[in-house]
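In what follows, a structure is listed as structure tokens, so that the remarks can point back to it.
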Amino acid sequence: MKKVLFLILLLSFQAFRIHCQSSVGQWTDHLVYNTAVSVAVSDDDVYASTGSSVLVYNKELGELKKLSRINGLTETGISSIAWSGDYNALIIGYSSTNVDILKDNIIFSIPDIFRKYIPGRKAINRIRTSGKYAFLACSFGIVVADLEKKEIYDTWKPGIASASTEVWDIAFGNGRIYAATGSGVYYADLSDPGLAYFGNWKSITALPAPQGNYTAIVYSGNTLYVNRSELQADGDQVYSVGEKASLFSYTSGVYNKSFDSSPSGFVIASTTSARSFNTEGTLLNTISTYASDMSSPEILQAIPDKGIIWIADKKSGLVKNENLTSYSSLTLPGPASNNVINITSHDGRTIISGGSLTSTWNNTWSLLEVSIYTGNKWSSVVSNSLRDPIRAIGDPDNPNRFFVATWGMGLLEYENNSLVKQYNNANSPLQTIIPGQPYVRICGLAFDDNKNLWITQSEVPGSIKTLKPDGNWIVNPIKIEGSNAGDLIITKTGVKWIILPRGHGLFVLDDNKTPEIFSDDRSRYLTVKDAENNIYPNIYSIAEDLDGNIWAGSSLGPLVYYNPGKVFDPDIIASRVKIPRNDGSGLADYLLQSELITAIAVDGANRKWLGTSGSGAYQVSADGINTIKHYNELNSPILSNSISTLSVDNKTGEVWFGTSKGIQSVRGDATAGTESFGNVYAFPNPVREEFTGNVTITGLIRDSQIRITDVSGNLVYSTVSDGGLATWDLKTYNGKRVSTGVYLVFCASSDGTQSFVTKMLVIH
């Protein structure tokens, strides 16, 4: 009978609308997966490090997966990876010197090196494995990690006297361990218990430069091969060391990146080629080109594997070569790079600007990298001739059109990811700060209600300019003196608020919604000060909330203008949010009073997301009094505590984070409320037995009243939406999960004038 009932419910559900979306609270990394800097191979999988995460390719299924902080890695910034065939584990070394061991889908962290004080540079250059040990070639010696015990076993010191010697690579052969270092090649018996003492290591003096810089090493057959790399040389020299040392390979302009062995020989990877040799040192083949639709090689590592060569390529990612004839680039979609200075999201479209500025707001001349995420798909715009993209904004009327502000090359207009027009001093009223030079600097971008695009220009007359929908320009005669003109917002009342970076406060313009008429304009420089007359000259971020309040991020926390309509009153002040201590003292502390607020975003429930320069991101209540979430590196998968930009997609509720180590997002629990119940649905729908998260109901009017009943009309849950979104944990008021059945979701506006009903199927 239960099976029959279930079948009826399932069939009746075919008329329901099915949506597959990420669950509230689910994190997603948006890192680059089309580059590879190192590779490791197991019997079942191939692991390619992108430098910030790991791409995993399953050989049998041909599937690609991501491995990042979202999945449990300790951090980003991967310096080396290696596979232990004896222990069946992946070892990951980080630039911070943290170490992870991935075994049986469980990640174990070894933080000992990271925590230990070591004078001078501290880095992991390469990882090699043998037996149950991983050998880490470090800037100060060799660290031996016991993979079974998941602990550091010892630290060995090959080199000269007791000074720390940079170890670049390690090899094993004939019962010995060999170390390629910055001051020669050293060896010792692996059975020697005293390798922590430098005196138990011997130098290979047969080399022509016994104390030279040797960066790679491999033992194959009965021969040791070492790579000498000197700063002044016009190429690397490879020496073979048997009974004596002799030059094995040298080509002018060729610099070798890695040596890797296999049962049948070894491979030398250089930037433009991968050369395979047998155990006798005879050259078997050379890979110097790929398929015609791939970039030219930029090889960093190559590992042979049963007729296949797996290549870590900087431009093409993980490359699979079969029989020297078939090449394929194995990558996953993502942004153009991990660089991010600004993110803007609206109506399901997110645009990421990948430029940068110096701390004094000067050019870095970084390549133009703009990434667009829409409909769960990525596309990118990359240019070698255009530079320093620092802001972008989508056309609200055309989902295929967007504009990019550059710090020197003017305003760029794109449609369908193709450059339509570059506005600069030659074809528009935009101006350069140095005549004849590419210094047409633009930062702020904002559309007004009439689809005019407002921009801010620095250090030129007419600091505020407007591009009209018909392509004509309006130049406001105002020149903002003595400062760069930074980010720009336009409030619901049409007032323009502009950040003046580097200690100059704010600039406010009210053009009375007549941008072409200047006689009715009001403007002022606004010194940000509070009720105690404290002045906050350094403003880094600004946003208007759903109640029309202006939030400004300073170096001493956020401030709020609760009466922005009085901004032109001479005595207007900003307020600091006070957090009661609730300890009986009657005292209060200011919200994030010691934090530099780099970014502010407002979600559909009017809650504020605050990004900081060093302690991660905070979500606070609409009034700022209650901290709802604090994401940092210790308690969440956030990539970095340094947040450069934040954005909330009003349509999906996705919260985007631009960090110093890349881009990621988390599915928020609030979307912008709609004006009517025109597109209400629940997801996931149907809810399967294995689902353990919250059901999300979206497409709601702000602050909707939600009632959920079974088909008999029994109330099982009620709530009020956060903006245009509500969630349900699938439990009744007694805390038990509801049984299998169809449930009705009744939605009503807060004033009761509008209502809607949708259905969902729950399978228990």
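The values are calculated or read from the model by the stated rules, or taken from the named source; none is laboratory data. Owing to the predicted nature of the structure, the values given are computational and were not obtained by experimental measurement. So basically every Cβ, Gly included, is an ideal-geometry build from the backbone, and we count neighbours across all protein chains shown.
Laid out as a table, the results:
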read-out	value
Complete set of residues in the stretch 346-369 that are closer than 23 Å to ILE542 by Cβ and either in a loop (DSSP other than H, G, I, E, B) or not assigned by TED's automatic domain parsing to the domain that holds ALA446 (or both)	ASP347, GLY354, GLY355, SER356, THR358, SER359, THR360, TRP361, ASN362
Residues (part of a loop (DSSP other than H, G, I, E, B) and among the aliphatic types (A, V, I, L, M)) located in the stretch 603-630	ALA605, ALA622, ILE625
All positions within the stretch 133-158 that are more than 33 Å from the chain's Cα centre (by Cα) and aromatic (Phe, Trp, Tyr)	TYR153, TRP156
Counted residues, the stretch 552-584 - those being touching a residue at least 60 places away in the same chain (Cβ under 8 Å) and touching a strand residue (DSSP E or B) at 6+ places or on another chain (Cβ under 6 Å)	5
Selection within the stretch 487-505 - within 33 Å of the chain's Cα centre (by Cα) and either of a type in the set (S, T, N, Q) or farther than 16 Å from ASP521 by Cβ (or both)	ASP487, ILE489, THR491, LYS492, ILE499, LEU500, PRO501, ARG502, GLY503, HIS504, GLY505
Near pairs, Cβ below 8 angstrom, 6+ apart or cross-chain, from the stretch 309-330 (surrounded by fewer than 20 Cβ atoms within 10 Å (Cβ to Cβ)) to any residue that is among the acidic types (Asp, Glu) and in a strand (DSSP E or B)	SER329/ASP313
Near pairs, Cβ below 8 angstrom, 6+ apart or cross-chain, from the stretch 459-478 (in contact (Cβ under 8 Å) with a residue 24 or more places away in the chain) to any residue that is crowded, with 17+ Cβ neighbours inside 10 Å and basic (Lys, Arg)	GLU459/ARG441; ILE464/LYS496; TRP473/LYS465; ILE474/LYS465; VAL475/LYS465; ASN476/LYS465
Scan of the stretch 713-724 for residues that are surrounded by 12 or more Cβ atoms within 10 Å (Cβ to Cβ) and at positive phi, ordered by number	GLY723
Residue list for the stretch 607-637, restricted to those being over 23 Å from GLY548 (Cβ atoms) and surrounded by 22 or more Cβ atoms within 10 Å (Cβ to Cβ)	THR612, GLY616, ALA617, TYR631
Residue that is surrounded by 13 or more Cβ atoms within 10 Å (Cβ to Cβ) and of a type in the set (D, E, K, R), where the choices are ASP510, ASP470	ASP510
Selection within the stretch 703-720 - assigned to a strand (DSSP E or B), touching a Cys at 6+ places or on another chain (Cβ under 9 Å) and over 14 Å from THR732 (Cβ atoms)	GLN705, ILE706
Selection count where residues are farther than 17 Å from PRO537 by Cα and over 26 Å from the mean Cα position of the chain (by Cα), scope the stretch 571-608	15
So ASN484, is it in a loop (DSSP other than H, G, I, E, B), in the same structural domain as ILE542 (by TED's automatic domain parsing) and within 31 Å of the chain's Cα centre (by Cα)	yes
Strands (runs of 3 or more DSSP E) contained in the stretch 1-107 and holding at least 1 residues modelled with pLDDT of 95 or more and under 16 Å from THR129 (Cα atoms)	38-41, 45-49, 78-84, 89-94, 99-103
Inter-residue pairs, beta-carbon under 6 Å, first part of a loop (DSSP other than H, G, I, E, B) and in the stretch 131-148, second surrounded by fewer than 21 Cβ atoms within 10 Å (Cβ to Cβ) and of a type outside the set (D, E, K, R), 6+ apart	LYS132/TYR87; SER139/ALA123; PHE140/ILE118; PHE140/SER164; LEU147/TYR87
Whichever residue in the stretch 725-734 is touching a residue at least 12 places away in the same chain (Cβ under 8 Å) and not charged (D, E, K, R) and, among such residues, is surrounded by the most Cβ atoms within 10 Å (Cβ to Cβ)	ALA726
Yes/no for THR514 being over 32 Å from the mean Cα position of the chain (by Cα), assigned by TED's automatic domain parsing to the domain that holds TYR590, closer than 27 Å to TYR562 by Cα and among the β-branched types (Val, Ile, Thr)	yes
Single residue of SER229, SER220, SER258, SER249 found to be within 17 Å of ARG275 (Cβ to Cβ), surrounded by 14 or more Cβ atoms within 10 Å (Cβ to Cβ) and out of contact with any Phe, Trp or Tyr (no Cβ under 9 Å at 6 or more places or on another chain)	SER258
GLY436 being assigned by TED's automatic domain parsing to the domain that holds ASP388 and under 29 Å from the mean Cα position of the chain (by Cα)	no
Number of positions in the stretch 484-504 that are of a type in the set (Gly, Ala, Ser) and surrounded by 22 or more Cβ atoms within 10 Å (Cβ to Cβ)	2
Selected residue (only one of ASN534, ASN549 is farther than 26 Å from ASN606 by Cα and at pLDDT 95 or above)	ASN534
Residue in the stretch 271-278 that is surrounded by fewer than 16 Cβ atoms within 10 Å (Cβ to Cβ), at pLDDT 95 or above and in contact with a strand residue (DSSP E or B) (Cβ under 6 Å, 6 or more places away or on another chain) present	yes
So LYS578, is it touching a Ser or Thr at 6+ places or on another chain (Cβ under 9 Å), closer than 26 Å to ASN641 by Cα and among the basic types (Lys, Arg)	no
Residue list for the stretch 209-248, restricted to those being polar (S, T, N, Q) and either in contact with a Cys (Cβ under 9 Å, 6 or more places away or on another chain) or in contact (Cβ under 8 Å) with a residue 24 or more places away in the chain (or both)	GLN211, ASN213, THR215, SER220, ASN222, THR223, ASN227, SER229, SER240
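Residue by residue, here is whether (1) within 32 Å of the chain's Cα centre (by Cα); (2) part of a strand (DSSP E or B); (3) not β-branched (Val, Ile, Thr) holds:
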residue: PHE266; (1), (2), (3): no, yes, yes
residue: ALA269; (1), (2), (3): yes, yes, yes
residue: ALA274; (1), (2), (3): yes, yes, yes
residue: SER295; (1), (2), (3): yes, no, yes
residue: LEU318; (1), (2), (3): yes, yes, yes
residue: THR344; (1), (2), (3): yes, yes, no
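Residue-wise test of (1) at pLDDT below 95; (2) crowded, with 17+ Cβ neighbours inside 10 Å; (3) within 14 Å of LYS759 (Cα to Cα).
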{"site": "LEU700", "(1), (2), (3)": "yes, yes, no"}
{"site": "SER704", "(1), (2), (3)": "yes, yes, no"}
{"site": "VAL711", "(1), (2), (3)": "yes, no, yes"}
{"site": "LYS736", "(1), (2), (3)": "yes, no, no"}
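The rows are residues; the columns are (1) more than 20 Å from GLY486 (Cβ to Cβ); (2) surrounded by fewer than 17 Cβ atoms within 10 Å (Cβ to Cβ); (3) within 14 Å of the chain's Cα centre (by Cα).
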residue: ASP347; (1), (2), (3): yes, yes, no
residue: SER356; (1), (2), (3): no, no, no
residue: ASN363; (1), (2), (3): no, no, no
residue: SER371; (1), (2), (3): yes, no, yes
